1. Of all DSSP beta bridges in the protein assembly as shown, what percent run antiparallel (nearest 5)?
2. Rounded to the nearest 100 Å², what's the accessible area chains A and B bury against each other, both chains counted, probe 1.4 Å?
3. For chain B, what does -39500 (n - 2.57) per DSSP helix run (n ≥ 4), summed and divided by total residues, give at 222 nm, in deg cm²/dmol to the nearest 500?
4. Taking a label point 7 Å out from Cα toward Cβ, give me the nm distances from B:Asn46 to the same spot in the other copies, shortest first, one decimal.
5. Any idea of B:Asp110's accessible area? Nearest 10 Å², probe 1.4 Å.
6. With a 1.4 Å probe and every protein chain left in place, tell me how much accessible area A:Phe97 has, in Å² to the nearest 10.
7. Compute the accessible area per residue over the stretch A:287-331, keeping the other protein chains in place, probe 1.4 Å, unit Å².
8. Determine the residues within the stretch B:83-113 where the difference in accessible area between the chain on its own and the full set of protein chains amounts to at least 50 Å²; count protein heavy atoms only and use a 1.4 Å probe.
2 protein chains.
Amino acid sequence: MLKMRKTTIKGVAAAAGVSVTTVSDALSGKGRLPDATREKVQAIANQLGYRPSAIARGLRGSGIGLVGICIAPAGGGGVLTDVSYWAAIVTHASQAFLSDGHAAVLLPHDVGLLETLHIPLDGVIVVDPLERDPVLTFFEDRNIRCLTIGRDVSKTESIWVDDDTATGVRRLIEATISPGTKLAFLRVGPIKSYVTDAISGARSWAADGGGTLSIHQCAGLESEHVAHTVREAVHEGATAILTQNDRLALRVRDVLQAMGRDVPGDVRLLSAADAMELGQGPVGISAARPHPARLAEMAAAKLLDMIRGQPDVASTMSPMEVSIRESAPLL
Amino acid sequence: MLKMRKTTIKGVAAAAGVSVTTVSDALSGKGRLPDATREKVQAIANQLGYRPSAIARGLRGSGIGLVGICIAPAGGGGVLTDVSYWAAIVTHASQAFLSDGHAAVLLPHDVGLLETLHIPLDGVIVVDPLERDPVLTFFEDRNIRCLTIGRDVSKTESIWVDDDTATGVRRLIEATISPGTKLAFLRVGPIKSYVTDAISGARSWAADGGGTLSIHQCAGLESEHVAHTVREAVHEGATAILTQNDRLALRVRDVLQAMGRDVPGDVRLLSAADAMELGQGPVGISAARPHPARLAEMAAAKLLDMIRGQPDVASTMSPMEVSIRESAPLL
DNA sequence: ACTTCAAGAAGAAACGTTTCTTCATGACAG
DNA sequence: CTGTCATGAAGAAACGTTTCTTCTTGAAGT
């Protein structure tokens, strides 16, 4: 394999017997050149396999069309993101960027790793920021335009796109839980905005005379932790359980079954976040339906607006529909 | 918001009353400077929020640590990649890159779109290249190091990583199909290397006296097309069907059921590519198990080796295990 | 007191583009 | 014959780094 150095604009200029200016103009269609020159230069550039260096271009201009998607990796348990949620966001966002001539870089949701990278980003989408997320500070420090999917409740001036979980959850409860019921909210893991929202939706239902609400923190997704929390809730008289997300809901369903409680006969079960798995199994679980794909597209579009310098980019709530299943049928 | 231009190395030099050389040296730890100067410069750089421009850096050196993952988007039907396969490859490859200080850019498997992008890539992983894939030519033309997951059978000099589908499929057949059986291979869509391999695995089984093999091309994944092809195969006397992949296998199972044929009683059913869904339902489908995660990690590691300039990077086959389920139990 | 040397720091080239400015030429009008 | 203009093309600056080279200074060795 010939290890020759890449042909640069200088090489083309020399080969064509013209100046670099002429080459640049000929290839970009600018300047005033007769067609003859233009074609000659193009032919030679072509023949030499000349490709302008994106880096050199970027040095002069503003950026090279890169946007980041900052998201915790998908997979197993723990704080990892659910695979289909992850895939929906990543595919839809990157497609949206692509059709605008930008390319998406996958970034870790981790400042330590981010610091090892040195990438010229035009902007970044941060997915599910935590409260006072250091990742947001990281990008702010570097003056990189940032938009979040899900909100960092502690930052008021930031721009986000989010499911309207509060309203969605309230509608879900109203549709399936009879007034006066004792409802237990089960949460787990770090605080994300949708959890806060789900709670405030449930609170507003309770405050408006829907019923009473108690909140329980699960130590983890392992069966024993979930069982402990469920027992606690049931012992306090709860006859309806609302979980933070799909995975927790599935565990709760199993735990209730193991305890011999009928769903929905003894306890009605709801999830604040829908997922395909909730529709499977003998007792499907009712849930509010998030729209990762739609959020990703909206986020990408807005971020591109910001990059183009539009001044009036605003945050947006996306309305949620509800999926009614066996675990909590319509009243 | 203050719209000041980014602080550059010149700004720091001016503020510190030293030359740019000194700033560069102080921050990078090179050159010979007394600690006093070093610290002073660092303090000022810090205070000014100075971040060296990755682009400028890249201009001088070789690259900015970007690698591409070129893969057809995941989702619905058509030529799109299966979601879990897609996610496994993208997460594992990008994680591997990340831990080496590189970041992954998601690229479309589409020359038209690639041409609109101008990104300085150190290398790229092309997932499931088609035969004589123009995408490979695209990267070759641009002198970008390229490694494929799955092979382009027409390019012999390229470097790849792949499941050993031929051996896996042959083992699968040997374990579940009795000698002398008429086996029908059903394929669909564009030719990818794993299909060629699956066929050659089946061929070698047939050639060594295992049984007879016929190959059928399905016009599409829609029920009517699948039904047509299955009818054809069964009419020719096939009592075992091997499908190209999981989705086709699922359709075939439904079609057989609709035709009133018992699986595995009347017809044994196999898939050349396993997926989670094959384990679900009353009649799980036996299959050879690909390892997208492992392939992605191997591919990333090898590509990084190539980028580092290692001369002896070789292609690798990854052995496949088989999943035995109800549709074709062990003999 | 004169050379030699090392430390500290600055200068300047190079990386590959784009773009603003300038220059030369010839045509045309006065 | 001279001044104006348009055309075609080259020159050079700028983008922000890194790194190789050079320069200055003071200290040490003879």
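The values are calculated or read from the model by the stated rules, or taken from the named source; none is laboratory data. Bear in mind that the values here come from a model prediction, so they are computed numbers and not experimental data. Please note: Cβ atoms are built from the backbone with ideal geometry, for glycine as well, and neighbour counts cover all protein chains shown. Protein only, heavy atoms only, side chains kept; ligands, DNA and RNA dropped before computing areas. Shrake-Rupley method; radii C 1.70, N 1.55, O 1.52, S 1.80 Å.
1. Bridges in the protein assembly as shown are about 10 percent antiparallel.
2. The A and B chains share an interface burying roughly 3200 Å².
3. Calculated from helices alone, the mean residue ellipticity at 222 nm is -12500 deg cm²/dmol.
4. For B:Asn46, the inter-copy label distances come out at 5.7 nm.
5. 70
6. 0
7. Ligands and nucleic acids excluded, the figure is 47 Å² per residue.
8. The answer is B:Trp86, B:Thr91, B:Leu98, B:Leu106 - residues whose exposure falls by at least 50 Å² when every protein chain is included.
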